[in-house]
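Enquirer: One structure follows; several queries about it will come next.
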Amino acid sequence: MQLTDASGRKINYLRLSVTDRCNMRCRYCMPVTGVEKLPQNKILSYEQLFFAASCAVAEGIQKIRVTGGEPLVRKGILDFLSHLSTLPGLKQLALTTNGVLLAEMGPALKRAGVQRINISLDSLHPEVFTKITRRNELSRVLAGIATAERLDIPVKINMVVMRGINDSELVAFADLTRHKNYSVRFIEYMPANKEKGWQKLVVPGSEILERISASHDYMPIEKISLSGPAREYRITGAKGTIGLITALSGHFCDDCNRLRITASGKVKGCLFSDVDTDISALLRAGEPTPVRMALRALVGRKSVRHELTETVAGHKIFAMAGIGG
Ligand code: SAM
Ligand code: SF4
């Protein structure tokens with residue numbers, strides 16, 4: 001089975017959000033007070049999440065990334081991941097985390113079958129980190145990264161680049177890949193919550209590369225089939241790689257291979273689109289065929305391109321923590 005959208009893109013990657021709760025309050029993702037929490041009875045049970053994942057895999061999804069909110073704060077996550085990793089046909093199980101609980105949970109995550117971990121890290125300076133995340137947790141996140149590395153779990157670091165806030169650290173983050181096999185992803189800031197003056201925060205991918213090229217030579221790397229929309233490069237002689245997620249400035253949608261299921265059971269073809277399908281009732285009913293048909297229908301309606309630009313955000317405010325990034 002293969003999910004293919006109307007413009008011929010193969011959809012083989014599912015981002016599965018298991019919670020909208022989080023132990024951080026990143027300014028680009030949540031207001032300081034947090035987002036209004038989904039009522040407990042609106043959040044999919046692990047059984048429903050597993051059923052959704054199994055229907056998606058039966059439709060041709062090969063890679064699942066478990067995300068949130070912060071997935072590691074949901075009780076029972078390790079058992080869920082262990083179960084998910086046994087799903088026949090699933091080629092890759094990955095996790096995105098803010099890293100706060102990674103040092104303590106890393107060994108159990110590895111035993112549960114998590115093959116790759118993306119860790120969000122926006123600054124190497126404690127004050128800047130705390131200003132962005134509103135939590136003083138840099139040392140725990142760095143310990144989490146060290147744990148993943150010790151466990152031989154491939155580490156990807158996601159840095160949301162914001163002008164005047166952390167963009168002075170671009171070269172320092174690129175340097176992390178020189179001696180360690182890290183993959184550092186520079187993510188263009190997205191105006192999810194349309195904070196006032198957000199346009200000034202956006203550093204386009206072209207500028208990010210230009211600023212890194214002032215001190216490093218790098219070469220593009222060929223894409224592999226499950227890698228998604230990032231463009232990747234290797235600094236000459238570096239062990240790791242750098243990558244760009246240029247959600248706003250372009251070169252992004254053509255390679256989109258993603259489908260998203262939110263913690264409350266909405267399927268989304270595009271992060272920025274208001275179009276979604278609520279499959280929670282179908283998941284509760286437990287019949288695979290209607291769920292698979294709903295996934296297929298949503299993929300058929302997946303937008304060719306989002307309409308966000310570096311200066312205009314023509315979307316409703318969306319809760320990144322509920323969708324999973
Ligand atoms: N809590 C986990 C974490 O932070 O890694 C997983 C969920 S988080 C919503 C997933 C990803 O979305 C993170 O890498 C985060 O940096 C990114 N993200 C959230 N809001 C964003 C925004 N406004 N612009 C760009 N990336 C964003
Ligand atoms: Fe939490 Fe991740 Fe959102 Fe930060 S980006 S507030 S860690 S869900």
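Enquirer: Among bridges DSSP assigns within the chain, what percent are antiparallel (round to 5)?
Expert: In the chain, approximately 30 percent of DSSP beta bridges are antiparallel ones.
Enquirer: I've got another one for you. In whole Å, how far is the Cα centre of segment 12-86 from that of segment 89-112?
Expert: Spelled out, the Cα-based centre of one part sits 13 Å from the other.
Enquirer: Still on this structure, please answer the following. Report the per residue volume, in Å³, of the convex hull enclosing the C-alpha atoms of segment 1-42.
Expert: So the per-residue Cα hull volume is 154 Å³.
Enquirer: Residue by residue through segment 142-153, what is 3J(HN,Hα) from phi via Karplus (6.51 cos²θ - 1.76 cosθ + 1.60, θ = phi - 60°)? Round to whole Hz and write x for glycine and proline.
Expert: 5, 5, x, 4, 4, 5, 4, 5, 4, 7, 6, 8
Enquirer: Please report the spacing between the Cα centers of segment 136-164 and segment 169-220 in Å, no decimals.
Expert: So the separation of the two Cα centres works out to 15 Å.
Enquirer: Which whole number in µm²/s is D for the chain by Stokes-Einstein, with the Kirkwood Rh taken over Cα pairs at 37 °C and 0.692 mPa s?
Expert: This corresponds to a translational diffusion coefficient of 165 µm²/s.
Enquirer: Would you mind getting me the FRET efficiency between Arg134 and Glu104? Use the beta-carbon distance for r and R0 = 25 Å, nearest 0.05.
Expert: According to the calculation, E is roughly 0.70.
Enquirer: Using the Cα atoms of segment 6-157 to build a convex hull, what is its mean projected area in square nanometres?
Expert: Reported value for the Cα convex hull: 10.0 nm².
Enquirer: Considering only protein heavy atoms and a probe of 1.4 Å, how much of the accessible area of the chain is carbon and sulfur, as a whole percent?
Expert: Solvent-exposed carbon and sulfur of the chain make up 53 percent of the total.
Enquirer: Given the options Val57, Val35, Met24, identify the residue whose Cα lies farthest towards the positive end of the charge dipole of segment 3-322 (+1 on Cβ of Lys, Arg; -1 on Cβ of Asp, Glu).
Expert: Result: Val57.
Enquirer: If you keep only loop residues by DSSP, which trypsin sites (Lys or Arg not before Pro) in segment 1-92 have at most 11 other Cβ atoms within 10 Å of their Cβ?
Expert: Lys75
Enquirer: Given springs between every Cα pair under 10 Å in a Gaussian network model of the chain, which of Val160, Val203, Val128 has the largest fluctuation?
Expert: Comparing Val160, Val203, Val128 in the GNM, the peak value goes to Val128.
The values are calculated or read from the model by the stated rules, or taken from the named source; none is laboratory data. Just so it is clear, the structure is predicted and the values come from calculations on it, not from any experiment. Cβ atoms come from the backbone with ideal geometry, glycine included; neighbour counts cover every protein chain shown. These area figures cover heavy atoms from the full protein model, side chains too; ligands, DNA and RNA do not enter into them. Shrake-Rupley method; radii C 1.70, N 1.55, O 1.52, S 1.80 Å.
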